[in-house]
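Below is one structure, written out as structure tokens; comments come after it.
Quick note: the coordinates plus some simple rules give every number you see, no bench work behind them. The structure displayed is predicted, hence computed values, not measured ones. Please note: Cβ atoms are built from the backbone with ideal geometry, for glycine as well, and neighbour counts cover all protein chains shown.
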Amino acid sequence: MASAINILNASKLEDERLGELSQVVGQVFGLRTYVTPALLNLDRAFDASRGQYNSTALLVQLLNQYGQSDDKRIAVVAVDLFIPVLTFVFGEAQLKGPAAVVSTVRLSNPFYGLPRDEDLSLRRLEKEVVHELGHTFGLYHCHQFECVMRSSTYVEELDLKRLSPCPDCNGQLKGLMLNK
Amino acid sequence: MNSNPSILVVDDEQVVRDSLSKWFREDGYHVSAAGSAAEALQQLQGRKWDILLLDIKMPGMDGMELQQRIKEIDSTATIIFITAHATVDTAVKALKEGAFDYVTKPIDPDYLSHLVTNALKQRNLFNENLKLKEQISEFSRADEIVGESSQMQKVYDLIQTVSKTDTTVMIRGESGTGKELIARAIHSNSARRYFPIVAVNCGALPEGILESELFGHERGAFTGAQYRRKGKLELADGGTLFLDEVGNIDMKTQMDLLRVIETKQFARVGGNEIIRVDFRVICATNKDLEKAVSEGSFREDLYYRLNVFTVFIPPLRERKGDIPQLANYFVQKYSRAMGKAITAISPEAMDTIVRYNWPGNVRELENAIERAMVVGRPPIIKPEDLPYQLTEKNHVLPAGSLAAIEKAHIVSILEQNRWNISRSAEILQIDRVTLYNKIEKYGLKKPSAG
């Protein structure tokens, strides 16, 4: 069973914001959560034809570099992510695996030509981190409207979700965490 | 997760297979991937897939050819094409050949998510529709037409034959033989079965009312017509119009009906708007329509319009072999409806039932069984539970020889006509001398007065 969550920072987030993120994520999963700098080679995941970064390639790096640790690890990057068949992804996780990655790029208002709102960006990031970590614990997408495990392909959908899993997903999460 | 919707991803690029599989797995779908058309076809042999995502350009068999082969295995498969280089021609071709949709890589995740959700919704509706159609077919098979006699086998054959056509059918038979059930069976087995069968009892409605019932009326067409009302002809659009007791229609309505049957269009009573309808006509009568035509009370042209294909239902007394099966069927039916634990008929009661001549046919038999179910005590129906007339000697045909039956029948007719020889001979369709000879032969004697 994972005893802690490691947030690997490769973003431009300030320490204070990272602290908030760490605290919130720790509360949702009930696990010790800590932040370290990410040792990722982003260039190796870059796809020049798309001008984006392959999230699966980043996941592979996370697995190789942090293979010894039992902790769940999630990298926060400030580059736009994609998987080959889709135009973009907010993040990617290994289902029932140890690693996940999320991008801050499409979570911020200026990406959509809207005024900057740092608080809103952080709330979106918190939800996205919880969502991807949920997958690493084995949770699937949920159809409950406000559940954090609901699939979001549109940034406004992230705003509609709560930070925590719905009671059903929460029950499953507890079971999955105990069985691991 | 196997009860969840299933998706098969077919693409020669490993990275596409992996990323799509992973993406859909997070949604809880049962996902599998195939790297070639051959591998996909192999996976199709093993199970049904709800959605197939096919790459168009693959080495060997391409996506288009694969689609054709998939449709041969499962014609209902929902196929979405995913390709890196879309051209209008290939997109049009794919959709023409039955693909659900066509998307180009890379796909907007929101679009892909909605596309798959919509494809699944459509597939579920399709499956639900199939299931409901099956239920309708099951329901129509469970009709109350019971009987294995050769006469009824002929009727079933005729139903099967005529159901496949759109021909007008005339069902003839005595009252209570189940003409409406036959009409419903024809409708249920026809291509119109998913549309209504609308029954009109032409004998039960007075002139004027029948016209309004059939054609509908506009508001203010007559006193009391406060609202526009659709007629049975409009309601039967797409389905079947069943005209029961068609021999009782008045001359004016006969003429209007003939015009509708010929032109498939009419106007509501009091209206001018021409309404076009498409229905099949099945009619039924227990009257001698030929006689009515010769007497001038039924239009000859309408008669020929209606009398295209005739199904004659034999009276129950001519198919006595079916009586036990029918009686038991009604016992089961009312046992369920009444929640009463009567499950059988005693041999003595069954003997009485079989020997009775059932002038009211199946309807009378059903009523008799219903009554017996009410008065009888579980677990079986006894002779005393049956209606009185069944045990009356003049209605019970004796078992045994033809002579015994002839004797009983002659006695019955003579008693009904108070031993009026001329009238009895006329009913028996024999001459008076023959009747006297038979009275002597069977030793019949007129009961003394008082």
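A few notes on this one:
- Cα-projected label distance for B:Ser297 with B:Glu426, points at 7 Å along beta-carbon direction, nm: 1.8 nm
- Put in line by how crowded their Cβ is, counting other Cβ atoms within 10 Å and starting with the fewest, A:His135, B:His30 read B:His30, A:His135.
- Pairs from the list A:Lys72/B:Lys121; B:Lys96/B:Lys230; B:Lys154/B:Lys287 with a Cα-Cα gap above 31 Å: A:Lys72/B:Lys121; B:Lys96/B:Lys230.
- Here the label points at B:Asn417 and A:Glu14, each 7 Å from Cα along the C-beta direction, are separated by 11.8 nm in the simple model.
- Relative contact order (%) - chain A, alpha-carbon pairs under 8 angstrom, separation at least six: 19 percent
- Here B:Lys441 is the anchor, and the aspartates and glutamates within straight C-alpha reach of less than 13 Å, apart from those fewer than 8 places off in the same chain, are B:Glu406.
- Spacing of the modelled spin labels on B:His85 and B:Leu125, each 7 Å from Cα toward Cβ, amounts to 3.6 nm.
- Reachable aspartates and glutamates, given that their alpha-carbon falls under 13 Å from the alpha-carbon of B:Lys320 and they are not under 8 places away in the same chain: B:Glu148, B:Asp351
- Neighbour counts of C-beta atoms inside 10 Å place A:His143, B:His187 in the sequence A:His143, B:His187, starting with the fewest.
- DSSP beta bridges in the protein assembly as shown [antiparallel fraction, %, rounded to 5]: 15 percent
- Relative contact order, percent, chain B [alpha-carbon distance under 8 Å, six or more residues apart]: 10 percent
- Among beta bridges identified by DSSP and lying wholly in chain B, the antiparallel ones come to about 15 percent.
- For chain A, taking a cut-off of 4.7 Å between Cβ atoms, the unpaired cysteines are A:Cys169.
- Filter on B:Lys340/B:Lys382; B:Lys164/B:Lys333; A:Lys161/B:Lys48 - keep pairs with C-alpha separation over 25 Å: B:Lys164/B:Lys333; A:Lys161/B:Lys48
- In sequence order, calculated HN-Hα J values of the stretch A:44-51 (Karplus, 6.51, -1.76, 1.60; Hz; x Gly/Pro): 5, 9, 6, 10, 5, 5, 9, x
- Computed over the protein assembly as shown, the P(r) tail beyond 35 angstrom holds 64 percent of alpha carbon pairs.
- FRET efficiency, B:Lys333 to B:Lys287 (Cβ-Cβ, R0 30 Å, nearest 0.05): 0.50
- Once C-alpha pairs closer than 8 Å and six or more residues apart are averaged by separation and normalised to the residue number of the stretch B:271-389, the relative contact order reads 23 percent.
- Estimated purely from DSSP H runs of n ≥ 4, each contributing -39500 (n - 2.57), the mean residue ellipticity at 222 nm for chain B is -14500 deg cm²/dmol once divided by its residues.
- Highest-MSF residue in chain A out of A:Gly51, A:Gly113, A:Gly97 [GNM, Cα springs under 10 Å]: A:Gly113
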